[in-house]
Structures are given as C-alpha cells and as structure tokens.
1. So how far, in whole Å, is the C-alpha centre of the stretch 18-61 from the one of the stretch 89-125?
2. Mind telling me which of LYS131, LYS42, LYS121 comes out most flexible in a GNM of the chain, alpha-carbon contacts under 10 Å?
3. Does anyone have the angle between helix 3-16 and the longest principal axis of the chain? Alpha-carbon axes, 0 to 90°, nearest 10?
4. What FRET efficiency comes out for THR82 versus THR138 if R0 is 35 angstrom and r is the Cβ-Cβ distance? Round to the nearest 0.05.
5. Set the Förster radius R0 to 30 Å, insert the Cβ-Cβ distance between THR49 and GLU157 as r into 1/(1 + (r/R0)^6), and round the FRET efficiency to 0.05.
6. Would you kindly state how much longer the chain becomes between ASN3 and GLN150 on full extension, computed as 0.36 nm times their sequence separation minus their alpha carbon distance, in nm to one decimal?
7. What does the charge add up to near VAL47, with Lys and Arg as +1, Asp and Glu as -1, over the other residues with Cβ less than 11 Å from its Cβ?
8. Using a Gaussian network model on the chain with a 10 Å cutoff between Cα atoms, which of PRO45, PRO71, PRO88 fluctuates the most?
Amino acid sequence: MNNEIAKQFVETKSILENVDKTLALEYAIWTKDKAKIKFIKKLPPFVITNNFIYWCNLGINIGSEQDKIRPVLIAKTKKESTICTVLPLTSERIKDTRWYHVDLENQNSTVLIEQLRNVSKLRIINPLRIKGKLVKITLNDWNKINSTLQKYYALTEWK
C-alpha cells in the first residue's frame, strides 16, 4: 500500500477512535463493503426493472439520509445504464401525515419521496419476492407516487 493511502487510513482510524464504538464499527464495515462493491464490480445477475422493489445496500450515510440494506422502489432505469434512480422504502409503514410520504397499498412500507437518489446497479442485491413472486407497486401506488414526485421536485417559484 502506498504511503498516501496508509496516511488516509491512519487519519480515518483516528477519527473513528473518538466516536461511539458501534457507529465506528458500522462505518468501518461499510468502508470495506463499499470497496468490495466498487472494485469487484459484480453487476446483479437479474434484470432491474422500473416499478419493482429490490433490496439495495445504501451504505452508511450522513444525518437523516436512508442507509443500510433496505427495500427500494426502482423509479427509473434503462437496461443499458449502470445506474438507477431509487426511492427508499421504510421497513414498516410510518403512518405519518407528511404529504410527501406515500404508504403502499400491498406492502407494509412507506415510500420516502424526499430520499430519491441515483445509485449504481452494483448496490442492488436482490429483487424483493413474496411467495416467490417479484413485488411490483400497484397502478394506484404508481399514480400517487408519480403525482407526489411531480409536486415535490418541481422548482419553487423563481424570484
């Protein structure tokens, strides 16, 4: 390992030694996992399709960003693309009153519209299956999500 890489690891270790040990371990594991994802470059052996739900490794993120391995809705992708746009889902419906959270009809999950992000397909782990069937959102869910996306991501009035 060259000296600059070693120096960066030493500085990172110094930071991690001064934070909660559980969080430091989570971060260290994610650093290793991210290196595997990035450098081994193993694309999933299955097709990634719009409007279906997949398991995705979102990693360890900052603040309130959704992280860890969680279900995501594929909002947009193209077969030839190496990235996809995902909407993270909660593992349980949150039943809150935020207009930009959409509870799914056939899933105990809430779509977090404000967490929309682009990810590498390398982060996609597996399709979500129930009783062997791939999980797809309903047309009603699609309409609600699409409408909410249009409202949430429209630019605010320019002044």
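Laboratory data are not the source of any read-out in this text; all were calculated from the coordinates shown. From a predicted model like this one, the values you see are computed outputs, not experimental measurements. Here the Cβ positions follow ideal geometry from the backbone for every residue, glycine too, while neighbour counts run over all protein chains shown.
1. 17
2. Greatest mean-square fluctuation among the candidates belongs to LYS131.
3. Roughly 70 degrees, rounded to the nearest 10.
4. E(calc), rounded to 0.05, equals 0.75.
5. 0.25
6. Gain on extension, ASN3 to GLN150, equals 48.1 nm.
7. +2
8. Maximum fluctuation in the GNM of the chain, among the listed residues, is at PRO45.
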